[in-house]
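Enquirer: Quick one: structure below, then a few questions.
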Amino acid sequence: MAPPSQDRPRYVVVSGVTGSGKSTVARLLAERLGLPFADGDDFHSPANIAKMSAGTPLDDTDRRPWLESIGRWLHARDTEDTGAVVACSALKRHHRDTLRAACPDALFLHLTADHDVLASRLGSRSGHFMPTSLLDSQLAALEPLEPDEPGTALDATPDPATIVDRAVNLLRRGRGAPGAGRHPDDV
């Protein structure tokens, strides 16, 4: 597959479980690329936030309208041809399929880290509605990117600027297309 044109706007979903750094990385990536940014957390309903704040994991029924809302935001950016970067857990294949149905050119940068790193980050985070207790449920629900999905995994343990540098290099090389490879150290 030929690398995408440098002039073609990018539609990037920075995904991963809670504590992976997706909001920070997505915001920095959007700034670096000069693209609109949205944080998936801002699309949650008050009921979803209350449920998670109480330590109850969301199920797919809870997530469906949330994902559809993010999809509408991506679709609007696609219609405007602006490109976009959004932070969204997109834990399961069908979650990513929902986003791709709204924005077919979306690709996923899936941030990965081991349980201890994630738990440590969550333990030091304050002011967020997602409690550390929900990490295990997110890891249990996680379905890694499949070979036919557009995107790649990135190691989330370096500092955010390093992750963004790797993501920008990946995008410049036209990587992230299906079959392009998914090894975190490959970018």
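Enquirer: Residues in the range 60-67: is at least one among the polar types (S, T, N, Q) and open to solvent by 10 Å² or more (accessible area, probe 1.4 Å)?
Expert: Yes, because at least one residue in the range 60-67 is among the polar types (S, T, N, Q) and open to solvent by 10 Å² or more (accessible area, probe 1.4 Å).
Enquirer: Consider L118 against the criteria (1) surrounded by fewer than 21 Cβ atoms within 10 Å (Cβ to Cβ); (2) in a helix (DSSP H, G or I): it satisfies all of them except one. Which criterion is unmet?
Expert: L118 satisfies every listed condition except (1).
Enquirer: May I ask you to list the residues in the range 28-62 that are in contact (Cβ under 8 Å) with a residue 24 or more places away in the chain and in contact with a strand residue (DSSP E or B) (Cβ under 8 Å, 6 or more places away or on another chain)?
Expert: L29, A30, L33, L35, P36, F37, A38, D39, G40, D41
Enquirer: Scan the range 36-44 and tell me whether some residue there is modelled with pLDDT of 95 or more, in contact with a helix residue (DSSP H, G or I) (Cβ under 8 Å, 6 or more places away or on another chain) and in a loop (DSSP other than H, G, I, E, B).
Expert: Yes - at least one qualifying residue is present in the range 36-44.
Enquirer: Applying the selection to the range 31-50, what residues are of a type in the set (D, E, K, R) and open to solvent by 60 Å² or more (accessible area, probe 1.4 Å)?
Expert: Hits for the range 31-50 are E31, R32, D42.
Enquirer: Every residue in the range 75-114 that is over 18 Å from T24 (Cβ atoms) and either open to solvent by less than 10 Å² (accessible area, probe 1.4 Å) or of a type in the set (A, V, I, L, M, F, W, C) (or both), please.
Expert: Within the range 75-114, A76, G83, L91, H95, R96, L99, A101, A102, C103, A106, L107 meet the criteria.
Enquirer: Scan the range 151-173 residue by residue and report those that are assigned to a loop (DSSP other than H, G, I, E, B) and open to solvent by 20 Å² or more (accessible area, probe 1.4 Å).
Expert: Answer for the range 151-173, where residues must be assigned to a loop (DSSP other than H, G, I, E, B) and open to solvent by 20 Å² or more (accessible area, probe 1.4 Å): T157, P158, D159, R173.
Enquirer: In this structure, does R72 turn out to be touching a helix residue (DSSP H, G or I) at 6+ places or on another chain (Cβ under 7 Å), at pLDDT 85 or above and either in a loop (DSSP other than H, G, I, E, B) or surrounded by fewer than 21 Cβ atoms within 10 Å (Cβ to Cβ) (or both)?
Expert: yes
The values are calculated or read from the model by the stated rules, or taken from the named source; none is laboratory data. Keep in mind that this is a model prediction, so the values were computed, not measured. In this analysis, Cβ positions are derived from the backbone assuming ideal geometry, glycine residues included, and neighbour counts consider all displayed protein chains. Ligands, DNA and RNA are stripped out before the accessible areas are found, and what is left, the full protein with its side chains, is counted by its heavy atoms. Shrake-Rupley method; radii C 1.70, N 1.55, O 1.52, S 1.80 Å.
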